[in-house]
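The values are calculated or read from the model by the stated rules, or taken from the named source; none is laboratory data. Please read all numbers here as calculations on a predicted model, not as lab measurements. Virtual Cβ from ideal backbone geometry, glycine too; neighbours counted across all protein chains shown. These accessible areas exclude ligands, DNA and RNA; they are computed on the full protein's heavy atoms, side chains included. Shrake-Rupley method; radii C 1.70, N 1.55, O 1.52, S 1.80 Å.
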Amino acid sequence: MIYADNAATTRMDNEAFEAMKPFLLENFGNASQPYSFSRAAKKAIKQARSTIAECIAALPEEIYFTSGGTESDNWAVKGSTLLCGDLSETITSEIEHHAILNTCKTIERLGFPVSYLTVDSAGIIKPDILREKVSPKTKLVTIMLANNEIGTIQPIQELCSIAHENGCLFHTDAVQAVGHIEIDVKKLNVDMLSASAHKFNGPKGIGFLYIKKGTNLPPYLDGGLQEFGIRAGTENIASIVAMGVALRNNVKNIDQRYKELKKLENILISELSKAKIDFIRNGTSLGLPGNVNLSFRDVEGEMLLHRLDLLGICVSTGSACDSKRTQISHVIKALRIPDVYGKGTLRISFGKDNNEHDALRIAKELIRIINLIA
Ligand code: PLP
């Protein structure tokens, strides 16, 4: 099998998996208990929090563990709007993940206005578009750092400055970016940042929300006093530990991996071009390493996905969460490419287990299938 759907999820890092085990079997104590048996769990959570903070240039007390990217996004958006009580506006973009878009729909149903910024043909949000939209009524701006479908990286530092100049909070969904490109929350200057472990070779169902010190974000889950009293629930210790190890290992190799993945992208693109296949590459070549989103003319993306599946090759047509739908995804629509290409969209996302043979094989099979139906 060739697994090339790493934007949907990744295989767990072996060391991270090994690090989980003791906290499921021997050191299974509840970290909130005062007896000495729970000390190992408490210490492990503290260690993971420091490691994760170090990887994104944050302080340990700015890292709040959650159940993943979806919860972090919900907390940031609902926390900054609903729970603060006033009918202020939220600004987001039309290419966000559904964890943001559907959260925005919920707050809209409750009467909170939301504006959706457009992107250019490469999938980038121009800072001037935000500058025109932001107003004294705006409370929150939430723009993703990197897009899950097309891999575009947004000018977050600039967008964040505009939000701050206008007295707004700034949140970024960095689920696709953390562990794949360098993240420095102090340089970005964001108030909140969402991340999810299964996108960087950690376990599923665990993530974190970075909340800048001094940001007034109310609790999202009420209950016990875990996570500095603002995110209740017994800690998922084994997964928290594994997330720390996975992120540390990914960050350690980030530059090397960037080069390797860009090479795989280039192999795939150049093979398709050499074979004179008619396609558009969505996003830009400066996007997330390994993310290649292609729209083939007069081909059904779903058909390509199923044919590749029969050959043991896993890719995606849109984002994984949308894999049951056959419509052109909201992200591809936002790029305003012609429908004859849009319907034939495929996302190939390479990860650390892929090699040059995988890129060549995917290219070879795509060329064969497309030429067969032409
Ligand atoms: N945000 C983005 C950009 C994503 O790609 C995803 C997952 O696909 C999520 C949020 C949701 O994260 P999780 O699967 O951890 O809930």
Query raised in the report: Taking into account only those residues within segment 58-81 that are polar (S, T, N, Q) and not in a loop (DSSP other than H, G, I, E, B), which is nearest to the ligand (Cβ to nearest atom)?
Result: Thr70
Query raised in the report: Looking at Met12, is it open to solvent by 30 Å² or more (accessible area, probe 1.4 Å) and within 16 Å of the ligand (Cβ to nearest atom)?
Result: yes
Query raised in the report: So which residues in segment 28-37 are touching a helix residue (DSSP H, G or I) at 6+ places or on another chain (Cβ under 8 Å) and either buried (at least 19 other Cβ atoms within 10 Å of the Cβ) or part of a helix (DSSP H, G or I) (or both)?
Result: Ala31
Query raised in the report: From the set of residues in segment 346-374 that are basic (Lys, Arg), open to solvent by 70 Å² or more (accessible area, probe 1.4 Å) and in contact (Cβ under 8 Å) with a residue 60 or more places away in the chain, which is nearest to Leu261 (Cα to Cα)?
Result: Arg361
Report task. Would you please name the residue that is nearest to the ligand (Cβ to nearest atom), looking only at residues in segment 139-176 that are open to solvent by 10 Å² or more (accessible area, probe 1.4 Å) and of a type in the set (Val, Ile, Thr)? Result -> Val175
Report task. Could you tell me whether any residue of segment 157-167 is small (Gly, Ala, Ser), part of a loop (DSSP other than H, G, I, E, B) and within 23 Å of Asn6 (Cα to Cα)? Result -> no
Report summary line: Among Lys105, Lys43, the single one that is under 24 Å from the mean Cα position of the chain (by Cα) and over 17 Å from Phe200 (Cβ atoms) is Lys105
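Can you pull out every residue in segment 126-154 that is farther than 23 Å from Ala8 by Cα, in a loop (DSSP other than H, G, I, E, B) and at pLDDT 95 or above?
Answer for segment 126-154, where residues must be farther than 23 Å from Ala8 by Cα, in a loop (DSSP other than H, G, I, E, B) and at pLDDT 95 or above: Lys126, Val134.
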Report summary line: Those residues of segment 177-205 which are within 13 Å of the ligand (Cβ to nearest atom) and surrounded by fewer than 24 Cβ atoms within 10 Å (Cβ to Cβ) amount to His198, Pro203, Lys204, Gly205
Query raised in the report: Do we have any residue at all in segment 49-57 that's within 16 Å of the ligand (Cβ to nearest atom) and surrounded by fewer than 21 Cβ atoms within 10 Å (Cβ to Cβ)?
Result: no
Report summary line: Of the residues in segment 82-135 that are open to solvent by 50 Å² or more (accessible area, probe 1.4 Å) and in contact (Cβ under 8 Å) with a residue 60 or more places away in the chain, the one that is nearest to the ligand (Cβ to nearest atom) is Thr118
